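The values are calculated or read from the model by the stated rules, or taken from the named source; none is laboratory data. Note that the coordinates shown come from a computational prediction; the quantities given were computed from them, not determined experimentally. A quick note on method: Cβ atoms are made from the backbone with ideal geometry, for glycine too, and the neighbour counts reach across all protein chains shown. For accessibility, only protein heavy atoms count, side chains too; no ligands or nucleic acids. Shrake-Rupley method; radii C 1.70, N 1.55, O 1.52, S 1.80 Å.
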Amino acid sequence: MKWIHLSDLHLGKRVNEFSMLEDQQYILAEILRIIDQEQPDGVLIAGDVYDKSVPSAEAVALLDDFLVRLSERGVQVFVISGNHDSPERIAFGGRLMARSGVYLAPVYDGVVKPFTFTDEYGPVHLYLLPFVKPAHVRRCFPEREISTYTQAMAAAIEAMGVDTAQRNVLVTHQFVTGAARCDSEEISVGGSDNVDVSVFAPFDYVALGHIHGPQQVGRETVRYCGTPLKYSFSEAGHQKSVTVVELREKGNVSIRTVPLTPMRDLVELRGTYEELTFRGFYEGTSYPRDYVHITLTDEEDVPDAVRKLRLLYPNLMKLDYDNQRTRTAISLDGAEDVQKKSPLALLEEFYEKQNGQPMGEEQRAFAQRLMEQIWEGEA
């Protein structure tokens, strides 16, 4: 039994005010190409299908097209809602879509019925558990003490009545303790959303969504496949991929990844303005079409830098400086002995605290002349 594991499409997402819809359309086409090569028995989409609970019309149309293309290939598709999704909107039309092989997890009500498939090794039971909070599960099991995410997941899984003698797969969307987060994910204060990996013991493979970096947690078969695209510069070093899972006899699970190449990458560039605008630096690279975060190391700010840099890097998303001024912790405390210091001395103190370096001779002379002109005008 072969599965393609996807998650966190975040359709409709904007990154630093740039719409990612065109990039998402491209990467979904790449995923379809991989599916044509792999010929899986099914596709698992582990939540955060959309970036917002009320998605844009364009995002809905993009998902619709993707699901139709999967259905046309005869591939069964299993979709759950994530924390960014509205479970009711994801579940809408699920009973009708099931006739086309697209199965949408219903809103959680305490009952999760498995889909059962059979191959040469026997049955495989697939469970779809959307993103749930303790309050969601507590309503279904009022007799149980459920105050943490781990207790909620344990109760939901126990109610499934999983037969551990057979092969079982779970698709869910949670933060499992120990997973490495990225800047583009929602973070709960104090790690209150942590789920202990031990609750997933009954399953041969757990297809997780929520964390954007591909990784295993606790054991190889509890896995986040990661996002198909980079959605923050903290992910610049990630290799995005599609996870392919093959279940053979009980206890024999193989996992591999197929790399994804985006239409535009997210890259971080660093150097002086002169270095980054030198043709030899960017010529022959993908930088002019990529989404870029540039860190300038010039000691002086470059006037109108964003506009100038976008002539070469039109998808410049973010500009920072790293120099002596920005590296120095600035503490603008009140000046001492103000009455005993000249205005020029006070200005020099302020300048050094703000910029992390003393005022130059030329700047000092200019400030002195300006002060004298002001005083002469007041006289």
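Data for the structure
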| item | result |
| --- | --- |
| Close pairs from segment 96-125: first within 26 Å of Met153 (Cβ to Cβ), partner among the hydroxyl-bearing types (Ser, Thr, Tyr) and surrounded by 11 or more Cβ atoms within 10 Å (Cβ to Cβ), Cβ under 7 Å, at least 6 apart | Val102/Ser71; Ala105/Ser81; Val112/Tyr127; Pro114/Tyr127; Phe115/Tyr103 |
| Test for Ser53: is it within 19 Å of Tyr231 (Cα to Cα), touching a residue at least 12 places away in the same chain (Cβ under 8 Å), surrounded by fewer than 20 Cβ atoms within 10 Å (Cβ to Cβ) and of a type outside the set (D, E, K, R) | yes |
| Residue list for segment 256-273, filter: open to solvent by less than 40 Å² (accessible area, probe 1.4 Å) and in a strand (DSSP E or B) | Val258, Leu266, Val267, Leu269, Gly271 |
| Test: Asp163 is farther than 30 Å from Leu32 by Cβ, in contact (Cβ under 8 Å) with a residue 24 or more places away in the chain and part of a loop (DSSP other than H, G, I, E, B) | yes |
| Number of positions in segment 99-115 that are within 18 Å of Asp64 (Cβ to Cβ) and open to solvent by less than 30 Å² (accessible area, probe 1.4 Å) | 4 |
| Residue within segment 1-9 that is of a type in the set (Ser, Thr, Tyr) and either touching a helix residue (DSSP H, G or I) at 6+ places or on another chain (Cβ under 8 Å) or open to solvent by 10 Å² or more (accessible area, probe 1.4 Å) (or both) present | no |
| Residue match in segment 129-141 (condition: open to solvent by less than 40 Å² (accessible area, probe 1.4 Å), modelled with pLDDT of 90 or more, closer than 22 Å to Lys2 by Cβ and not charged (D, E, K, R)) | yes |
| Those residues of segment 1-31 which are under 19 Å from Cys225 (Cα atoms) and of a type in the set (Ser, Thr, Tyr), in sequence order | Ser7, Tyr26 |
| Test: residue in segment 52-72 that is modelled with pLDDT of 90 or more, closer than 24 Å to Pro123 by Cβ and either in a loop (DSSP other than H, G, I, E, B) or of a type in the set (Val, Ile, Thr) (or both) | no |
| Residue that is least open to solvent (accessible area, probe 1.4 Å) [pool: residues in segment 18-50 that are in a loop (DSSP other than H, G, I, E, B) and among the charged types (D, E, K, R)] | Asp48 |
| Checklist (1) outside any helix (DSSP H, G or I); (2) at pLDDT 75 or above; (3) open to solvent by 70 Å² or more (accessible area, probe 1.4 Å) applied to Leu332, failing item | (2) |
| Among residues of segment 220-270, those that are among the small types (Gly, Ala, Ser) and touching a residue at least 40 places away in the same chain (Cβ under 8 Å), counted | 5 |
| Residue list for segment 203-248, restricted to those being buried (at least 24 other Cβ atoms within 10 Å of the Cβ), of a type in the set (Gly, Ala, Ser) and in a loop (DSSP other than H, G, I, E, B) | Gly226 |
| Scan of segment 274-289 for residues that are touching a Phe, Trp or Tyr at 6+ places or on another chain (Cβ under 8 Å) and open to solvent by less than 60 Å² (accessible area, probe 1.4 Å), ordered by number | Leu276, Tyr282, Pro288 |
| Candidate set from segment 145-167 (those that are in contact with a strand residue (DSSP E or B) (Cβ under 8 Å, 6 or more places away or on another chain) and more than 15 Å from Asp193 (Cα to Cα)); member that is surrounded by the most Cβ atoms within 10 Å (Cβ to Cβ) | Arg167 |
| Test result for Met317, in a loop (DSSP other than H, G, I, E, B) and of a type in the set (A, V, I, L, M) | no |
| So Gly360, is it modelled with pLDDT of 75 or more, open to solvent by less than 80 Å² (accessible area, probe 1.4 Å) and under 27 Å from Asp298 (Cα atoms) | yes |
